[in-house]
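Asks: Dropping a structure here in structure tokens format, bear with me for questions.
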Amino acid sequence: MTKIEVKDANALDKKIPRNLIIKFGDNYFILKAGLEWKAMQLYGGGGYSLETEIVERKDGYVLAKAVFTSKNGAKFSNFGEASLKNVINPKMQGYLLHLAVTRAECRALRMATACGYVSQEEMVGGSFNESIALPKPEVVEKTTGVKSSIDITKLRKEIK
């Protein structure tokens, strides 16, 4: 029997670089890059693959499936869909295929990394769907003059 080393995925949530998490209103969301960062920390470079396929594609609707496979054979799969009903930004309605694939990848990555955050790319009003009126992300001025989308000290307290 093969022994598998397991890392604490929840502990990594506290270490996600602050520029990979954003805050809208009172909620925190992770960027796809943050999910990829977390997968790299848990599985290492070359330690996993992420494959997508288009399950269904018709006028105004796309359903995609993503499968995350670790090098030890663990598989996590999930679906992402994009349609004229759930993509209300007219500028993005021509990119339903890309949106569906990205949403599927984010969901599979969230499962594989046990991430407690919803990804920004999945939420209504996210980067792909900007015409929804949501509060603007908070920008916190740091003492070094670097602007951050969140106050990492407050975030760490909320995570504990």
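The values are calculated or read from the model by the stated rules, or taken from the named source; none is laboratory data. As the structure is a computational prediction, the values presented were derived from the model and not from experiment. As a convention, Cβ positions derive from the backbone with ideal geometry for all residues, glycine included, and neighbour counts pool all protein chains shown.
Asks: Can you report the number of residues in segment 1-33 which are out of contact with any strand residue (DSSP E or B) (no Cβ under 6 Å at 6 or more places or on another chain), at pLDDT 80 or above and not charged (D, E, K, R)?
Replies: The total comes to 8.
Asks: I'd like the residue in segment 83-102 that is closer than 27 Å to GLY46 by Cα and aliphatic (A, V, I, L, M) and, out of all such residues, is surrounded by the fewest Cβ atoms within 10 Å (Cβ to Cβ).
Replies: Of everything passing the filter in segment 83-102, LEU97 is surrounded by the fewest Cβ atoms within 10 Å (Cβ to Cβ).
Asks: Could you please give the count of residues in segment 52-106 that are aromatic (Phe, Trp, Tyr), within 16 Å of GLU122 (Cα to Cα) and under 16 Å from the mean Cα position of the chain (by Cα)?
Replies: 1
Asks: Could you please let me know if ILE30 is in contact with a Ser or Thr (Cβ under 7 Å, 6 or more places away or on another chain) and more than 21 Å from ALA9 (Cβ to Cβ)?
Replies: No.
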